[in-house]
Each structure stands twice: as structure tokens, then as C-alpha cells.
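Working notes, beginning with the structure itself.
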Amino acid sequence: MTFKSKLGGALLAAAMSATALSGAFAADDTIKIGVLHSLSGTMAISETTLKDAMLMLVEEQNKKGGVLGKKLEAVVVDPASDWPLFAEKARQLISQDKVAAVFGCWTSSSRKSVLPVFEELNSILFYPVQYEGEESSRNIFYTGAAPNQQAIPAVDYLAATEGVERWVLAGTDYVYPQTTNKILKAYLMSKGVKEEDIMINYTPFGHSDWQTIVSDIKKFGSAGKKTAVVSTINGDANVPFYKELGNQGIKAEDIPVVAFSVGEEELAGLDTKPLVGHLAAWNYFQSVDAPVNAEFIKSWHAYTKNDNRVTNDPMEAAYIGFNAWVKAVEAAGTTETDKVLDSIIGVSVPNLSGGTSTVMPNHHITKPVLIGEIQADGQFDIVQETAAVVGDEWSDYLPDSKDLISDWRKPMECGNFNVATGKCGGKGS
Amino acid sequence: MISAFIFRALKGHIVVTVAVILAFAVLVPASNLLLAPDHALHIPTYVMSLMGKYLCYALLALALDLVWGYCGILSLGHGAFFALGGYAMGMYLMRQIGSRGVYGNADLPDFMVFLNWKELPWFWYGFDMFPFAMLMVLFVPGLLAFVFGWFAFRSRVNGVYLSIITQAMTYALMLAFFRNDMGFGGNNGLTDYKEIVGFSVQGGGTRAVLFAMSALMLALCLLIASAIVNSKFGKVLVGVRDAESRVRFLGFRVENIKLFTFVVSAMFAGIAGALFVPQVGIINPGEFAPANSIEVVVWTAVGGRGTLIGPIIGAVLVNAGKSYFTGAFPELWLFALGGLFIAVTLFLPKGIVGTIQSGFTGRKAMRAAADAEKGRGDVTAVAQAAE
Amino acid sequence: MLIRFITLIFLILASAAPSFAQAPDPKPLFNQLADADFNAAEKLVGQIATTGDTRVVPALNAFAEGDLYFRKSDKAVFAAKPAGAQLELIDPVTGESAGQVAKGAVTKIRINNNLRRAIRAALGGLTLMSPDRGTRLSAADAILRSPSAEALDLVEAALAKETDATVKARMEEARAVSLLSSDRSIDDKRAAIATIGKLGGRDALGILNAVSSSIDASLKPDLDAAITAIQNEQQLWDMAQNVWYGLSLGSVLLLAAIGLAITFGVMGIINMAHGEMVMLGAYSTFVVQQVIRENAPGLFDWSLTIALPVAFLVTGAVGLVIERGVIRFLYGRPLETLLATWGISLILQQSIRTIFGPTNQEVGNPSWMSGSFPVGGMTITWNRMWIVVFSLSIFVGLLLLMKRSAFGLQMRAVTQNRRMASSMGIKTPWVDAFTFALGSGIAGIAGVALSQIDNVSPNLGQSYIIDSFMVVVFGGVGNLWGTLVGALSLGILNKFLEPSVGAVLGKILVLVLIILFIQKRPRGLFALKGRAIEA
């Protein structure tokens, strides 16, 4: 029966290895923070950069003496672009490694996957990517843009400056584009755009054959009205999309494309000469002319030992989130979640576009909206910059969320307060 | 007759495995709930839900082993059945949220509210009832397997062709579930569950029960699978695997045999998915990804196909390795996994358990042969051991 | 570049002509650009254009390219071109060099799409009388694309002098579109509508639609008739265009699948690392282009030609190593090759990620792969065109190799009956190895072509692997013709489904159709006959 006992042993060993893997040897003189970004799988292409940015921020903070007199220690894990694994890794970071806060996630799916974990174990997540809104958690800070900090100003710019009257809303078929396009459609129609002047088109993830869609856009654009494309096409699919645009001769002067998911990093894989003049809306561009940005780029190049590495908007969001957390911890004098949650609201930290960003009671932040035109060198030329805008978690243009607000200060402490009924908890039917 | 059926399942090593699994089902939750957190033998909740996840994967691998190891159908789409079971459970859990969603809409899940759905689509009806949802956990994957298998086995699609179209099936389902218009929450999937049959999904007790349930279902499915493969039917099954045409010429309806096994296996996978979802807290179309299904094949191969126990061990080992590597050496994980695949196929073609078993039976055969030479053993022992 | 050169010559000629001497000096207008916002700049460009001074053409071109700067010290505006680490300043009017300055001493004058449009129109007006035929043609084109009533007089003046038939026809069209937005007589406009109607195409449709709301009621029937005529014609072309898109998608599928048709179709290895071979080919292209960019930028247009053999050798060698190291132990166990090659694919992906990083790499299009050309009412892009040609030639080449060469004969012999082939003196292990290397090498050169239309990232292969298997299985394993027909018909099917049901549902439907088709014909479109395949 040796074989059978070996089997039992193997099962046991497997279980034990799961226990042993935690490897948390918490030294008392460090504060741990978690970095939860995919380093393999489909999202590694975007998220690896953010992991590097976080490690750089930690290193710099430690050079300045750390936080509360202790050194910071980054715990990096790889959720491998697998959404359930995000939840598992978040749980591991919080309950095994006892991190004080986690910086991570990219897609909404990953954030939705970890949200219950953060609420259950009462920890803090800083989420650095633009997203569709419609969420406000007590334990999450959204330092990327909400739709009103990106989409709506971009559409305003096109309508005002370029006189666009006809709109193609093209996106990848997932929640962010669907929601953003719903908001934009409602917004455009409230501005008097007719339904027949809006074309909505969705494509699968990683779509690479854009011939039909680009020619549809051309067709839609030949109705005699100035036409623009609002693109919520997701990362990877953008390169073939822009290549097809360039090759089919759609110039920015004829049909400009404004994108919300295309930044310096995505353009790095492209010859941008045929794309000059197409637009993107973000809260930060590498080309921002501000001393603090120059400083940041310099240390990024030094950290990555590569002068060609670009910076982008989610990196700025991570920068703001990290600095806000540091400031809040120092104000609270502890890394305890509840105290930090109290002290962080209202904290103002410099952002990379030369102003300051404030953490608002709805756990979103204020930041300016920049509209940039793509340049031949893969950078953006900023053609418009607004004053700082407060992130609006519940869109005013969706019927079910227009009455909701979020305020995590006492005494309200509610993520979905209904101003119409005066109750916390959504519609409160 | 039924007792005979069950009795046949009770081969020695199966009994031991079932016992070990049952011991886990009791000891782990007990240690988690009863012992103080600083006790040496205390198992933290985090580790327990991790192990619960492994058990679900183990059940999925067991399901695959039933069709691959015993019937010769290499399904590259078992992840689809797993995910469908998971979605059925997820839909139940979504309906349990009721008016606690962020919009406070008692009738519609949040993702439908903010995409302006006005009423619940018909296929969501009934999922607020636990028994109905549990029925669907079995029925939906079973139905898909039945329809798919009915066509495929009748047309005698087999071998590589079958593998590729099962892959096409799960890929098509993934694309379909990614669509928001399908009404399953698009790429965000179903998440932020509150309670299951009245208990909070985050409560320690619930987690312990879910873990115990996973272990119990694994043990139960292992017994059923063992009973199937050790019955007369099981012998025919192996015949289909090794020489399909001959079995057909002997007068067996091969397609029905395959279909039955395929459907049972799909239901196992559905159960695994249903137990997986409340423990990890999310189900989304990523589970349909063809790569996931291939990984299941790998667990099975690593553990040893056609052994029933092997896939369980393979699934637990590979996933424990994955948890460890993605935490400790994130960059090395794919190298380790890739290397493991190659090493197993080259050096352990029968998998861990298969190799141990053949080594074991080999020694037994040698000993028996030696005994026979000495004139003390009987010839049948040699024949049996060599089988 | 060419246009700039031509305008430079033109400039020299024009500055010699005395008639331009009396025109108002555009120089102060340029200098005002330093302080102007976008709207003011747009007006200034218009004013510069109305001076009629053609010497400003190079400066306006520079402005459109974003190469116009003002000096910080005195706010004087110059065109600039890089000279080493510094910038060489060029007077915007005279075109004389104004010395070199450090980059920090000047500020770029910003430009947006509206300004680009204004500059394009201005340039169109200014170069209509150019002595160079090509310049005049592009000037007429520019006016055609941004019609305005102001350009009308210019066009007519140029038209009176024009002798070249092609240019004249284009100018007639330019005149017609400008006339529509002017206040000329109804009859003139009616003639203009007829001219534009004859022009046809999307642009004409756009122009006609644009005026339809403002035009005189008596012209409305003419206008509507012209619009309907163009639309009807365009509908036919749309069909043709769809077929072309289908062929082009099909050729991409063919490229991706053809290597697999050898490793999987002929050898029976379920080669999950096939996609990674395509990816390695694409990265070889990237490396070749990097080397060329750094050492011999002049050769850039040849980069793909150079990359082809490089990619073939690199991926072929990797394939050889894989076959000798792993796969040769697994013959006769096809399902296990699936596991091993899946493992190999993970390792290759992660290696590339470790070496090159996870982000997309820039693979440039050589000039002959960029842009498009019109065929009747449809546009064909050069890169798609070349990919169709390229994949068909690979197919023909492979077919010849299989059917006409000694190696092809041995390859077929070994796959049909290994032992018999072996006893005839064929070294079967080496035939296996080189067949696999050939399949991998072809995947590699497919990667060179795919790098032109898709992302070059470690995930590149993953996005093609499932489609490739579908194509091979649909076409029939072991049959190259099946792969060809399978790829093209799936491509066309996909493109005909896409407009009616959308890209996402179209793809799902194609998959479902393949599954159903396999039920009907379990061995694909072109099934091999005989008993050998039962094994």
C-alpha cells in the first residue's frame, strides 16, 4: 500500500505548499504595499509598465526616507490577466502579506473581481485607469478618468473647434465602450444631434481586419456633414485600425478620430506619420510642458535605463494615487485602513500637468482634461486644456444614475445616495 | 443492483482517495473555524478558499479524464461546460443580491440597469430559486454536451477533428458571452455577490461549508466515475477508446456510449463551475478561453489520464505551483509551466499516477514471475498483475 | 518630399518672374503667427494666400508639417529643418537660410486640423499655376477636397491657361465643386452638378450632400438625380469591394494557416506553437528593420525583402530544434504533441516578452506597402494587395515544392508510409525534421507579412492560432488545396456576414457554421480518401 500512502502524502503536500507559499516575513521596520498588475497574458502589454512605475515610485519614496520613518516594500504578484486570479492574488496580498494598500488592476473586469475582496477584508485599492464610472466603493480610489473627465470634453472640443455634426462611436464590445457610448449618445442628443447622425459600431477584442469598418466610416462620412470618429477601441486592436485608416487615406483633416484608449504607449508600436492630427483625450500627455513632468520623465528614463520609454496617462494616475496615499498616511500617522480612508479625502497632491489633484469625497479625483493631436514622432501636441474637472462617478446622462451621488465622509458614508429619495442605496424601490 | 454498482466503485486506491478527500472536507474547515488564528495548525480563510478552488479544478480535471482517459475523446472545450455551470450559479447569486445592488433595483442586476435594460430577459427567469438554479447547473452543460455530442458522434467526428471543433465551440461561446447584448454582463461578467441560500458569501462559516461541499462533490463524482469505469459499461468504454471500429462491429452503439459519457462529464464540469463561482466571487467570459481548456488537459496529463486519481493530483499540483510561482517569481511562471508540459509528455507519458502505477504493477509482476519460477506462485497472479 | 522638391524648383522659377514683385509682402503676416491663436492663425493663412506670392509655398508646407517656429528673442517666424542637434532656420518668404540655432531658442507654432485644412486650401490656390504638371494636379485635388467659393476665380484663371488634358479635367471638377458654393447662376450650377455627378465616388457624394440643404429649390431635382445615380453605382462597387475584402481577409488566413497545413496537415502534429512561429517571423522583421534604421536607412524600402529569408531561416532553425529536441519522440501520439507544443509556445512567448518587453514593437511599412489606389468606385490598399499576391505565391511555391521536387516526393512518401519509405533508403528522421522546419519557416515568412497589418507583440501568435486550425480542418487535413479554398471561403463568408450582423456576431456565426459543416463532412472540404487516415 505504499502507493496509496504516497498519494495521500502528495495531496497533503500540495495543500501544505499552498500554505507555505505565502512567504510573508513581515519585518517591523517596513510598510508593505501590493502591486497587482498582470505580468503575463494579454494584459501584460499595458500593465507591466505600471508595475515598473510603481516600483520606481516606491524606490524614490524610500530615497526620501520612506513613510512614517519606515521603508516601503513593494510586494509584486502576477494575476496573469486572469480575472478570478486577481481576486485570489488580492486576498493573498491583504491577508497573507498584510499590505497596507494595493495599487493595481487595469480592466474593469479585474476591478470588479477584486472589489468584494477589498470590501470584505477592509483594505485600500488605488485604480489608475480610465473607466466607465457607475461605481463608488468605500475601499477603492479611482485615480483614472471617469467619462466626464475624458469623453465629454473631447466631444465638446470636436463640436466647437472642428464643427463636427455627425458622429461615429466605434468601440470594442465590452462594458467601458458600451457605457461610454451610451453616455455620449445621450449627451449628443441632448445637444441636438439627430439619431441618424450617430453611428455606433462594436468589434471583438483584438479585432485585426478593419477594412469593412473603415470603409463604412468613409461611407457614413460622405453625407455632406463634418464627421468625426469617437474611438473606444481597446489597446491591441488600435494598431491595425490606425494602419487601415492611414492606408485608406482617411486624413485627420477629413475625418478626425478621437480616442480614449490610445496613448503614447500604444503609439509606440506605430508609424504615426499618416496619423498626424488624429486626437486623443487624456488627463496627461508626456509632452506636457511642466517642470514636475520633466523631472518625472527624467527619473523614469533613469529607472528603466532606456531613454525611449514613454510615459502615459495611467502612469500619472498611479503617481497621483501613490502620492495621495503617502500624504494621507502621514496625516493619519498610521497605515490603518479606516484612519487612512478618513484622512485621504481632501488631500491635494501635485499632478504631472503642473496643477494639483484633490481626492474628492466620492473617491474620484480632480484633474484637467487635455486634448492632444498625434504628432509624427509619436507624441501628442496639446491643443486644449480645461480647468480641473471633478470625476463624476454616476453619470448625469444615464436615467438610472442621474439622481445618485457618492460621499464617503461621515455622516453620509454612502456610495450610492439617491438625492431624489434622500436615501442611501440606489433607487430604494 | 445499485449496491453492486456502488460496490464496484470501491477499488482500493479509490477508497483511500475518497477517504483523504473526506478527511479534508472535515479537517480543513474545522481547523479554519475552531483553532485560534495563531495556532500552528490553523488554516487561514485565504488558504482554505484557495484549496477550495483547487478542488473545483480537480473535479473539472476528473470530468475531462472520464471522456479523455476512458473514452478517447480529447475535449478542448471542457472549460465551456465549467463556465456554463458557473454562469448558472452566478445568475442565482446575482438574483440574490436583490435591491442591495448599487442602483437598488430589486428586479434587475446592476449591469442591466446601467445599460438601460427595462426588464429581465426570459432566460433569467427562475434563477432566483436555488433548486431551479442547481438544476440548471446540471441541465445547461448537459444539454449543450448532448446536442453537440449527438451531432458530432453520429457523424463520427473523432480524433483531432473533434478536439478542434470542441475548441471552436468554447471559442464561439467566449465571443458570445463577451457581447453585452447577450445579457450576461459582458466582459465584466457576474460579480459582487452578497449571499447564498440566505448566508453571506463572505462569512467564514459559508466559506467553510463551500469548501466542504467542494470536497464532498469531488468525492461523490469520483465514486460515480469509478463506478462507471469499473462497470461492464466501463469495459466497453475502454474498448471504444482503444478500437472504436471493433466495438461498433461487435454490435455496440458507439455513439450512444460516447454521448452518455460526454454528458455525464459535462455535468461534472458544470458542478465544478458552480462550486467555483461563489468561492472566487466572479464568473466572466474569460473562463471560456480556449487556453483555459487546454490547461485542464495539461492537469489531466500531468496527473495521469485514465487513472481518475491522477487528474485530481495533477490539478492540485499544477495550480498550487501556479499560485506559488505567480507570487514568488512572476516572470518565471510561464517558463515553469511550459517546461512542465514538455517534460511530462516526454518523460512521464502516463502522468505521475500512471507512472507510479505501472512501476508498482511492474514490480508486482516481476515478483510474481520470480515466485512462479520458484514454483510457489500461481500463474494467474502474473497474468493479473501484468494486465 | 518629392512635392517639396518640386515646389522648390518652382519657387526659384517663380521668384525670377517680375510679376510677383508688386504683391504685398507676406513676411509681416508670417511674423504675426507667433502670437496668434488657432482662429487668428487660420485667418492669417488665408491672408497669406491672398497675397498670391508663390514664394511662401515651402513655408506653408513646413507649417502643415509642423516645422514652423518663432524665435524666442524677437518673435520672428521661420521654417526650420534639423541640422544635427540644432535647427537651421529658413526665411519663410525668401527661402534663404537665417543661420542655425539651438532647439531651445525657438518655439514651435502649434497647428490643429482646422489650420491644416486652411493651409491645404491655400496651397491649392497658390500652386494652381505652377509650371509643373504634378503640382497643378495636386493643387486641383486640394481644391476638390476643400471646396470654397473664394477659390473659384483662381481655378478659372488657371483653367484658361491649362493645356494638359488630365489636369484640365481635374480643374473642371474643382471648378464645379467651388461653383456650387458660390453665387453663380442657376444654369452654371446645373452644369456643375452634372460634372460632379459624372465624377462619381464617395467624395462627390459628400460634396453633393453638403450643398443639398442650401441649394436653390429649382436645382433640387437635378441634385437628387445625381445623388441617386452615384449611390446606385456605388452599391455595385460596394459588392465588389466586399468580395475584395473577403479575398484579402482570406489571404491573411491562408498566410497564417499554410505553415500549419504542413506541420499539422501533412505531419499530423497538433502544432500549438505555430502561432509563435508567426510571431518570431514578425520579430525577425522588427530586428531587421532596427538594424537597417541604424545602419542603412536608405535600404528601408528593401527591409521586407531582406526580412523574408532572415525570418525563414530563424523560424526554420527554431523549428528544426523543436523537432529534434521534442517532437521526434512523440510521433504516433498526436494528442500529446498538442501538450508539448503548447508548452513550447508558452516558453517562446515568455522568452520574447523577456527579451523585447511586453509592449508592441514598431514595424514600419515600406513606401510601396503604404497608401491605396482606386479601382473604379473602390479603394484598394497597397498592403492588402501585396499580401494577397504574396500569400498566393507562397501557396504556388509550396505546391510546386511538394509536387515537383525530390524533397517533396520524399516528404509525401514518408507521411504516406513511413516504413516503406525508410526501406527505400529515405532518411525518414531527417525528412521529418526538415518538413517541420519548412512548415515553421513558412509560418515565419507569414509573420513578415502579418507584421505589416497587425500588432507585433508577444501575443501576436495567439490571435491567429485558432483561426489557423479552423482553416486547416475546414479545408481538409493534408490537402493544400483545401487550405486555400477553406481560407478564401471563410474570408469571404466573414466579410459578407459582417455588414449585416456586425463583426462580433459574424465571427461567432462562422465558427458555428464550421462546427456544423464538420458534422456533415467530418474530414473537411477536401478529405483524403483511403484507409490510412483512419489510424
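The values are calculated or read from the model by the stated rules, or taken from the named source; none is laboratory data. The structure presented is a predicted model; accordingly, all values stated were derived computationally and were not measured. Cβ sites come from the backbone with ideal geometry, for glycine too, and all protein chains shown count toward neighbours. Areas reflect the complete protein model, heavy atoms only, side chains present, ligands, DNA and RNA absent. Shrake-Rupley method; radii C 1.70, N 1.55, O 1.52, S 1.80 Å.
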The stretch B:304-330: which residues show an accessible-area loss of 50 Å² or more, assembly versus chain alone, 1.4 Å probe? B:313, B:326, B:330
Please report, in Å, the Rg and the Dmax of the stretch C:365-493, where both are computed over Cα atoms only. 17.8, 61
Quick check on my link table: of A:273/C:108; A:194/A:225; A:185/A:225; A:182/C:495; A:219/B:118; A:218/C:81, which ones sit more than 23 Å apart, alpha carbon to alpha carbon? A:182/C:495; A:219/B:118; A:218/C:81
On a C-alpha basis, how far is the centre of the stretch A:303-339 from the centre of the stretch B:121-181 in Å? Whole number, if you could? 45
Among A:222, A:299, A:353, residue whose mean-square fluctuation peaks in a GNM of chain A (springs only between Cα atoms under 10 Å): A:222
Assign one of three labels to chain A, namely rounded, prolate or oblate, based on the Cα gyration tensor with a ≥ b ≥ c the square roots of its eigenvalues; rounded applies when a/c is under 1.5, prolate when it is not and a/b is larger than b/c, and oblate otherwise. prolate
So what's the Cα pair-distance distribution over the stretch C:135-255, bin width 10 Å, in %? 13, 38, 27, 14, 6, 1
Spatially proximal lysines relative to residue C:189 (Cα-Cα < 19 Å; intrachain offsets below 8 disregarded): C:168, C:198, C:220
Output ³J(HN,Hα) for the stretch B:129-136: one whole-Hz value per residue in order, computed from phi by the Karplus curve 6.51 cos²θ - 1.76 cosθ + 1.60 with θ = phi - 60°, and x for Gly and Pro. 9, 4, x, 4, 4, 5, 5, 5
Just checking the output field for B:277-285: average partner chain Cβ neighbours within 10 Å of each residue's Cβ? 6
How many percent of the alpha carbon pairs in the protein assembly as shown exceed a separation of 56 Å? 25
Chain B - Rg and Dmax from Cα coordinates, angstrom: 22.4, 83
Mind checking which lysines have their C-alpha under 27 Å from residue A:89, skipping anything on the same chain fewer than 8 residues away? A:32, A:51, A:70, A:71, A:98, A:112, A:327, A:339, B:53, B:194, B:322
Where q = 0.11 Å⁻¹, what log10 of I(q)/I(0) comes from the Debye formula for the stretch A:253-381, counting one point per Cα? -0.46
Kirkwood Rh, Cα atoms: Rg over Rh of chain C: 1.09
How much length, in nm to one decimal, is gained on full extension between residue C:132 and residue C:403, taken as 0.36 nm per residue of separation minus their Cα-Cα distance? 92.2 nm
From the gyration tensor of the Cα coordinates in the stretch C:437-535, what semi-axes in whole Å does the equivalent ellipsoid have, largest first, with each one equal to sqrt(5λ)? 24, 21, 11
For a quick check, take a GNM of chain A with Cα springs below 10 Å and name the residue from A:366, A:212, A:334 with the largest mean-square fluctuation. A:212
Under-5 Å amide H pairs with residue C:68, H placed in peptide plane, nonlocal only: C:109
In whole percent, how big is the carbon plus sulfur part of the accessible area of chain A, probe 1.4 Å, protein atoms only? 54
Taking H as built 1.01 Å from N, whose amide H comes closer than 5 Å to the amide H of residue A:33, not counting residues under 5 places away? A:73, A:74, A:75, A:100
Per-residue average of Cβ from other chains inside 10 Å of A:262-273: 3
Note: A:208-221 gets an average of partner chain Cβ contacts (10 Å, Cβ to Cβ) equal to 6
Mind checking the angle between helix C:38-50 and chain C's longest principal axis? C-alpha axes, 0 to 90 degrees, to the nearest 10. 70
Going by average Cβ neighbours within 10 Å, how do the peptides A:390-400, C:31-41, C:385-395 rank, with the highest at the top? A:390-400, C:385-395, C:31-41
With R₀ set to 35 angstrom, the calculated FRET efficiency between the beta-carbons of residue C:213 and residue A:390, to the nearest 0.05, is 0.30
Could you work out the equivalent-ellipsoid semi-axes for the stretch A:237-276, taking the square root of 5 times each eigenvalue of the Cα gyration tensor, largest first, in whole Å? 16, 11, 9
Which cross-chain or sequence-distant (5 or more) residues have an amide H under 5 Å from the amide H of residue A:198, H modelled 1.01 Å from N in plane? A:167
I'd like the FRET efficiency for residue A:160 and residue C:35, computed as 1/(1 + (r/R0)^6) with the beta carbon distance as r and R0 of 22 Å, rounded to 0.05. 0.50
Residues in the stretch A:387-429 occluded by at least 50 Å² - accessible area, probe radius 1.4 Å, against chain by itself: A:400
Enter the angle in degrees (range 0 to 90, nearest 10) between the Cα long axis of helix C:480-501 and the first principal axis of the Cα atoms of chain C, meaning the one along which they spread out most. 50
In a Gaussian network model of chain A with springs linking alpha carbons closer than 10 Å, the residue among A:324, A:160, A:90 that fluctuates most is A:160
Most to least packed among B:309-321, C:83-95, C:113-125 [average Cβ atoms within 10 Å]: B:309-321, C:113-125, C:83-95
Accessible area of the stretch C:76-159 divided out per residue, in Å², using a probe of 1.4 angstrom: 39
For residue C:427, give me every one of the lysines with a C-alpha distance below 28 angstrom, ignoring sequence neighbours fewer than eight places off in its own chain. C:403, C:529
Angle between chain C longest axis and helix C:2-16 axis [Cα atoms, degrees, rounded to 10]: 20
Say R0 is 60 Å: what FRET efficiency, to the nearest 0.05, do residue C:107 and residue B:119 get from their beta-carbon distance? 0.50
